[in-house]
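Asks: Take a look at this one; I'll ask things after.
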Amino acid sequence: MLGLERDALRLGALRRLAAERGLAVRTKTCDLELPAAELGPEPYDVIVVFSYLHRPLFPAIVNALRPAGLLFYETFTAAQAARGKPSRPDFLLQPGELLERVGSLQLLRYREGDFEGRDLASVVARRARLG
């Protein structure tokens, strides 16, 4: 497992939590919002993204999945701004936008709306198998 984050303190917390649970995790400090940001040379079986939105990163996320790899993605929608934070449009999905962003993947599950007092869009999708 690889955890990517620009905040080294958060990565340290992840390593400690993983060690407490007996999980093997590698971490890498990187800013995924830099123009040359990448997810690494190896394809991933699973990519998990929660409460994060940087639109230019979507192609890299989709391309980083190995064939039959799974993407779990959940973040806030524009409706969340009426509730408070986050409220910046850069951090909020427009209605149906998440579906468009992962449109090349096979959709397994999707939801969008009010869930436990938060306005979210969530997707589980799979990259096509080869052959």
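The values are calculated or read from the model by the stated rules, or taken from the named source; none is laboratory data. Since the model is a prediction, treat every value here as computed from it, not as a measurement. Here the Cβ is made from the backbone with ideal geometry for all residues, glycine too, and neighbour counts use every protein chain on show. Side chains included, ligands, DNA and RNA excluded: accessible areas come from the protein's heavy atoms. Shrake-Rupley method; radii C 1.70, N 1.55, O 1.52, S 1.80 Å.
Asks: Can you tell me how much longer the chain between E100 and D114 gets when fully stretched, taken as 0.36 nm per residue apart minus their C-alpha distance, in nm with one decimal?
Replies: 3.1 nm
Asks: What size of dipole, in debye to the nearest 20, comes out for the stretch 1-45 about its Cα centre when the only charges are +1 on Lys and Arg C-beta atoms and -1 on Asp and Glu C-beta atoms?
Replies: Using only the charged Cβ atoms, the result is roughly 300 debye.
Asks: Which one of V124, P41, A24 is farthest out on the positive end of the charge dipole of the chain, using unit charges on Cβ (Lys, Arg +1; Asp, Glu -1) and the Cα centre as origin?
Replies: A24
Asks: A further question on this structure: Just to be sure I follow the definition: excluding the sites themselves, where is the longest run in the chain that has none of the trypsin sites (Lys or Arg not before Pro) in a DSSP loop with at most 10 other Cβ atoms within 10 Å?
Replies: 22-128
Asks: Shifting gears a bit: Translational diffusion coefficient, Stokes-Einstein: compute it for the stretch 1-64 using the Kirkwood radius over C-alpha pairs as Rh, at 4 °C and 1.567 mPa s, and state it as an integer in µm² s⁻¹.
Replies: D, rounded to a whole number, is 102 µm²/s.
Asks: Working only with C-alpha atoms, what are the Rg and Dmax values of the chain, expressed in angstrom?
Replies: 15.4, 47
Asks: State the antiparallel share, in %, of DSSP beta bridges confined to the chain, rounding to the nearest 5.
Replies: Within the chain, antiparallel bridges account for around 60 percent of the total.
Asks: Something else: Whenever you get a sec, compute what percent of the accessible area on the stretch 9-131 sits on carbon and sulfur atoms (1.4 Å probe).
Replies: With neighbouring chains kept in place, the figure for the stretch 9-131 is 55 percent.
Asks: Next question, about the same structure. Please list, by residue number, every one of the GluC sites (Glu not before Pro) in the stretch 23-131 that is coil in DSSP and has at most 13 other beta-carbon atoms within 10 Å.
Replies: Passing both the DSSP loop test and the Cβ count: E33, E38, E116.
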